[in-house]
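Here the structure is laid out as structure tokens; the discussion comes afterwards.
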């Protein structure tokens with residue numbers, strides 16, 4: 001199989017899952033699509049050298065690129081003629097809990113660890129390898145992220161309504 005065909009098959013098979021990961025890392029549909037396109041472009045140039053697991057390589061590109069974009073990105077407001085639609089929530093708003101808002105308040109590194117560990121279901125070792133850090137760093141970042149999420153007001157339980165009797 002040629003590199004072109006193998007790469008196309010990889011893109012077709014893995015893009016939906018990679019786009020979900022990119023969205024969870026960026027919290028923006030447009031940025032997620034740009035992030036995935038950037039990652040796939042970088043992967044294309046290295047495709048001939050990838051022997052083992054190209055998915056692992058592309059996930060690592062997603063995470064490192066998202067973190068570097070976050071460091072450089074200007075976070076000021078930009079005026080637009082028409083307001084965009086509000087993105088969907090990961091948790092039903094009727095419960096009063098907004099998981100995505102809470103995850104969005106984590107640091108980029110903590111968010112990457114939470115996404116890889118709990119959304120992508122990777123082990124601590126796999127997450128450490130993708131992030132280019134030690135397993136201990138993954139554990140500490142995960143612990144700090146979970147502690148921060150436990151204290152987040154968006155995730156506080158909503159008191160149950162009592163019946164009229």
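Annotations
- Yes/no for residue 60 being under 21 Å from residue 103 (Cα atoms), part of a helix (DSSP H, G or I) and at pLDDT below 80: no
- Whichever residue in segment 1-30 is closer than 17 Å to residue 64 by Cβ and modelled with pLDDT under 90 and, among such residues, is surrounded by the fewest Cβ atoms within 10 Å (Cβ to Cβ): 24
Residues are listed down the side, and each one gets a yes or a no for (1) at pLDDT 90 or above; (2) closer than 19 Å to residue 27 by Cα; (3) part of a loop (DSSP other than H, G, I, E, B); (4) assigned by TED's automatic domain parsing to the domain that holds residue 66:
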residue: 86; (1), (2), (3), (4): no, yes, yes, no
residue: 97; (1), (2), (3), (4): no, yes, yes, no
residue: 103; (1), (2), (3), (4): no, yes, no, no
residue: 122; (1), (2), (3), (4): no, no, yes, no
residue: 127; (1), (2), (3), (4): yes, no, no, no
residue: 140; (1), (2), (3), (4): yes, no, no, no
residue: 144; (1), (2), (3), (4): yes, no, no, no
residue: 165; (1), (2), (3), (4): no, no, yes, no
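- The number of residues in segment 18-54 being assigned to a helix (DSSP H, G or I), within 15 Å of the chain's Cα centre (by Cα) and touching a residue at least 40 places away in the same chain (Cβ under 8 Å) comes to 8.
The values are calculated or read from the model by the stated rules, or taken from the named source; none is laboratory data. The structure presented is a predicted model; accordingly, all values stated were derived computationally and were not measured. Note that each Cβ is placed from the backbone with ideal geometry, even for glycine, and that neighbours are counted across all protein chains shown.
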